Amino acid sequence: LCIFFFFQAEDGIRDFCLSRGLGDVYKRQKMITFILVFGFLGILFYSYFKAFSGKKTKPSKKKEIAKRYPDETTALDLFQEHGSIEVPLIKRVKITHDSYIFHYALPKEDMRLGLFPGEHVVIEDKIKTPEEPEGKLIYRKYTPTSGIDQRGTFELLVKVYRPNSHPNYPNGGLLTPLLEKMNIGDKIRITGPCRKLNYLGNGHVKLVKSQKLDRTFKQIAMVAGGSGIAPMYQIIKNVADNEKDKTELYLLFANKTQDDILLREELESIAARGKLKLFYTCLLYTSDAADDLLCVDLGGRRIIKKKNNKIAIR
């Protein structure tokens with residue numbers, strides 16, 4: 001088709017040039033047209049044979065990720081090899097009316113998760129819903145509250161969203177009610193890691209997928225609410241367990257009431273050792289609130305209970 005149009009165009013150009021006594025122009029134009037058309041054909045043939053020559057491209061290698069323990073096999077290595085693994089529930093501890101710490105066993109007693117502080121695991125499960133009667137695959141991210149170097153087991157802090165516990169979510173959560181009903185020995189499937197921020201020790205903080213933050217800080221301030229304390233606690237615990245890490249930590253921790261404060265005993269123990277400056281805020285004030293609680297009522301007023309047991313409203 002291209003050759004046909006080439007000759008048609010060439011005949012038209014020749015007649016035009018000869019009728020006006022432009023033979024030299026015709027010869028130059030003919031050469032330019034010839035070069036352009038056959039150059040275009042060459043590009044087409046090259047592209048065709050490159051796309052359909054049957055040569056198979058080499059499969060891309062699986063992306064290597066940074067390892068905290070490169071000289072040993074961790075759960076992270078199993079995630080990379082198998083995609084996910086199953087781990088059994090070995091213990092469940094209720095810490096508030098709607099929150100638990102679930103203890104799970106790793107495949108080997110001496111195995112570690114292999115995560116950096118600041119990373120999460122992902123629980124995946126197929127759950128049947130009215131909209132998805134065949135089952136819907138869902139994923140939920142959780143930060144282990146166990147020590148980074150802990151072997152054989154790990155813990156997850158989970159807040160259970162039961163049906164009718166919140167007016168906006170009458171059916172409750174999809175996954176957490178099932179976790180609450182699991183028996184000892186039942187298994188969940190986990191994968192990972194989910195990583196955005198790594199704490200590399202001694203104040204060194206790095207955003208994994210960006211070069212915008214890769215710095216060392218002397219002081220780190222954190223703000224958390226409810227079960228969102230888990231990723232903060234992981235970093236706090238890592239600093240507290242490392243005597244050489246002198247990073248100053250500050251935490252502002254918000255909850256509905258003082259009864260909802262998660263990991264309170266653990267946080268206050270770390271604060272007592274001078275490793276953490278700890279501040280609480282609560283949405284609802286109760287008469288037995290601790291002296292160091294800053295409470296905010298639903299009207300937006302700040303209610304502070306002072307050391308002398310007097311109440312100040314601002």
Test: residue in region 139-158 that is touching a residue at least 60 places away in the same chain (Cβ under 8 Å), open to solvent by 40 Å² or more (accessible area, probe 1.4 Å) and in contact with a Gly (Cβ under 9 Å, 6 or more places away or on another chain): no
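Residue by residue through region 220-234, note down the ones that are closer than 18 Å to D98 by Cα, in contact (Cβ under 8 Å) with a residue 60 or more places away in the chain and not hydrophobic (A, V, I, L, M, F, W, C). Working first, answer last.
Taking region 220-234 first, the residues closer than 18 Å to D98 by Cα are 224-230.
Retained after the next criterion (residues that are in contact (Cβ under 8 Å) with a residue 60 or more places away in the chain): 226-227, 229-230.
Within region 220-234, G226, S227 meet the criteria.
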Residue under evaluation K126, criteria (1) modelled with pLDDT of 85 or more; (2) in a strand (DSSP E or B); (3) of a type outside the set (V, I, T), criterion not met: (1)
Matching residues, region 170-219, being assigned to a loop (DSSP other than H, G, I, E, B), open to solvent by less than 50 Å² (accessible area, probe 1.4 Å) and under 30 Å from K128 (Cβ atoms): G172, G173, L175, M182, G185
Search result, residues across region 97-123 that are open to solvent by 10 Å² or more (accessible area, probe 1.4 Å), closer than 18 Å to P177 by Cα and in a strand (DSSP E or B): Y100, I101, H103, V122
Considering residues of region 180-204 that are in contact with a helix residue (DSSP H, G or I) (Cβ under 9 Å, 6 or more places away or on another chain) and among the aliphatic types (A, V, I, L, M) only, the residue farthest from R92 (Cα to Cα): L197
Options L157, L175, L137; residue that is in contact with a helix residue (DSSP H, G or I) (Cβ under 6 Å, 6 or more places away or on another chain) and either modelled with pLDDT under 90 or farther than 16 Å from E86 by Cβ (or both): L157
Residue count, region 233-256 (criterion: touching a Phe, Trp or Tyr at 6+ places or on another chain (Cβ under 8 Å) and closer than 15 Å to E268 by Cβ): 5
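The values are calculated or read from the model by the stated rules, or taken from the named source; none is laboratory data. This structure is a prediction, so every number in the text was calculated from the model and none was measured. So basically every Cβ, Gly included, is an ideal-geometry build from the backbone, and we count neighbours across all protein chains shown. Only protein heavy atoms, including side chains, enter the accessible area calculation; ligands, DNA and RNA are left aside. Shrake-Rupley method; radii C 1.70, N 1.55, O 1.52, S 1.80 Å.
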